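Each remark here refers to the structure printed beneath this line.
The values are calculated or read from the model by the stated rules, or taken from the named source; none is laboratory data. Computed from a predicted structure; not experimentally measured. Here the Cβ is made from the backbone with ideal geometry for all residues, glycine too, and neighbour counts use every protein chain on show.
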Amino acid sequence: MTTARYRRIVLKLSGEALSGEQGYGIEPQVIQSVASQIKEVAELGVEVAVVVGGGNIWRGKVGSEMGMDRATADYMGMLATIMNSLALQDSLENNGIPTRVQTSIEMRQVAEPYIRRKAIRHLEKKRVVIFAAGTGNPYFSTDTTAALRAAEIEAEVILMAKNNVDGVYSDDPKVNDDARKYTEISYMEMLSEGLGVMDSTASSLCMDNHIQLIVFSIMEEGNIKRVVQGEPIGTTIKGD
């Protein structure tokens, strides 16, 4: 069995990645596929933390465009991430993988509150930990949550799983046929070229804490395991 390149990872899933072709809500086949791929990685002995977005249920940006208070819209988005996290936890445990959901907004009847040392202990016991409700603060994205939690738990890499692209391109490949895919790029280049992989706050956190980021497609079965084993798929983003 091929060994894993990383000891501890943060897997960043967009909410849209769970909605499949329907584009809204949770597609059962998709979330089961994601759970089985995470199981493959966990069985390599890798400690896995997951951050899930909520865009398949609610986007704070849409709420603010409707005239809703931005903070209220963002809190609603945090609740959406909790729904996704509980669904993923259920799928993982149906696959025999012990899983804990930790939320940044306390709701003890549903999940544990986020406690850094407890999260690390779960990981050491080979439990998958899902970080829900973002940072617990409005105006911060789940990309920033992934960067923050990765720094806190001392993860070696963030795996950013995409459902609509297989890496980082110089332009939108669906619009521009001449868009070139990057194999490797620095955070500074990503920011200066405005590539929009993640927001500037998340990028700065990753860069300052020397956290590697790999952007890849989750639509091909087994890709998470391939990335963890060091196969050169997707785009690797590093510090200068």
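Quick notes on this one:
- Those residues of region 1-15 which are in contact with a Lys or Arg (Cβ under 9 Å, 6 or more places away or on another chain) and within 18 Å of THR144 (Cβ to Cβ), in sequence order: VAL10, SER14, GLY15
- Looking only at region 67-125, and only at residues there that are in a helix (DSSP H, G or I), at pLDDT 95 or above and of a type in the set (Val, Ile, Thr), the one that is nearest to the chain's Cα centre (by Cα): THR81
- Restricting region 226-238 to residues that are of a type in the set (A, V, I, L, M) and buried (at least 21 other Cβ atoms within 10 Å of the Cβ) leaves a set whose member that is nearest to GLY20 (Cα to Cα) is VAL227.
- Region 174-199 - residue that is modelled with pLDDT of 90 or more and among the hydroxyl-bearing types (Ser, Thr, Tyr) and, of those, surrounded by the most Cβ atoms within 10 Å (Cβ to Cβ): TYR187
- Members of region 222-240 found to be over 11 Å from GLN37 (Cα atoms) and out of contact with any strand residue (DSSP E or B) (no Cβ under 7 Å at 6 or more places or on another chain), listed by number: GLN229, GLY230, GLU231, PRO232
- Region 165-175, subset touching a Ser or Thr at 6+ places or on another chain (Cβ under 8 Å) and part of a loop (DSSP other than H, G, I, E, B), residue farthest from VAL228 (Cα to Cα): VAL165
- For region 200-225, a residue qualifies if it is part of a helix (DSSP H, G or I) and either hydrophobic (A, V, I, L, M, F, W, C) or surrounded by 19 or more Cβ atoms within 10 Å (Cβ to Cβ) (or both), and the qualifying residues are ALA202, SER203, LEU205, CYS206, MET207, ASN223, ILE224, LYS225.
- Leading residue by the ranking (surrounded by the most Cβ atoms within 10 Å (Cβ to Cβ)) among those in region 40-82 that are in contact with a helix residue (DSSP H, G or I) (Cβ under 7 Å, 6 or more places away or on another chain) and of a type in the set (D, E, K, R): GLU47
- Residue in region 140-159 that is in a loop (DSSP other than H, G, I, E, B), of a type in the set (Asp, Glu), closer than 21 Å to THR235 by Cβ and without any contact (Cβ under 8 Å) to a residue 60 or more places away in the chain present: no
- When residues of region 1-15 are limited to those that are at pLDDT 90 or above and not in a strand (DSSP E or B), the one surrounded by the fewest Cβ atoms within 10 Å (Cβ to Cβ): ARG7
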